[in-house]
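Encoded as structure tokens, the structure appears first; notes follow it.
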Amino acid sequence: MDAATQDKNERINLRMKSSSKRLIERAASFEGKTVSHFIMTNALEQAEKTVQKHETMTLKAKNSRIFFEALAAPVSFNRKLAAALEEHDQRVASK
């Protein structure tokens, strides 16, 4: 069951120009959808694309290899970072 057909308990209200509303109504009619269904399905599709764009990183082969090599490399802390971590441990009580 997709998000467009699940139980509908939430509401979004929109204000727009009458010309925008007419355009949306026309487009919905071309696809045989209600205005609400047209807006919801198109908004959800765009939302999924936007979220994926911001949550996904695409690297070329060379950069991908460099990235994973950096992740696999052993971590070595310099003196200042080790001191900062030690100070953090002393100041912050873990829960």
*How many of the residues in region 51-69 are more than 12 Å from the chain's Cα centre (by Cα), exposed (fewer than 10 other Cβ atoms within 10 Å of the Cβ) and in a helix (DSSP H, G or I)?*
3
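Condition test on Glu48, is it acidic (Asp, Glu) and surrounded by 10 or more Cβ atoms within 10 Å (Cβ to Cβ)?
yes
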*Please go through region 38-95 and pick out each residue that is hydroxyl-bearing (Ser, Thr, Tyr) and within 30 Å of Lys8 (Cα to Cα).*
Thr41, Thr50, Thr56
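Condition check ((1) exposed (fewer than 10 other Cβ atoms within 10 Å of the Cβ); (2) at pLDDT 95 or above) across all residues:
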position: Met1; (1), (2): yes, no
position: Arg15; (1), (2): yes, yes
position: Ser19; (1), (2): yes, yes
position: Glu31; (1), (2): no, yes
position: His37; (1), (2): no, yes
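What number of residues within region 70-87 satisfy the criterion of being exposed (fewer than 10 other Cβ atoms within 10 Å of the Cβ) and over 32 Å from the mean Cα position of the chain (by Cα)? It would help to see each step written out before you state the result.
Taking region 70-87 as the starting set, the residues that turn out to be exposed (fewer than 10 other Cβ atoms within 10 Å of the Cβ) are 70-76, 78-80.
Those still in the list that are over 32 Å from the mean Cα position of the chain (by Cα) too: 76, 78-80.
Final tally of qualifying residues: 4.
The values are calculated or read from the model by the stated rules, or taken from the named source; none is laboratory data. Source: prediction; values computed, not measured. Ideal geometry is used to build each Cβ from the backbone, glycine not excepted, and the neighbour counts take in all protein chains shown.
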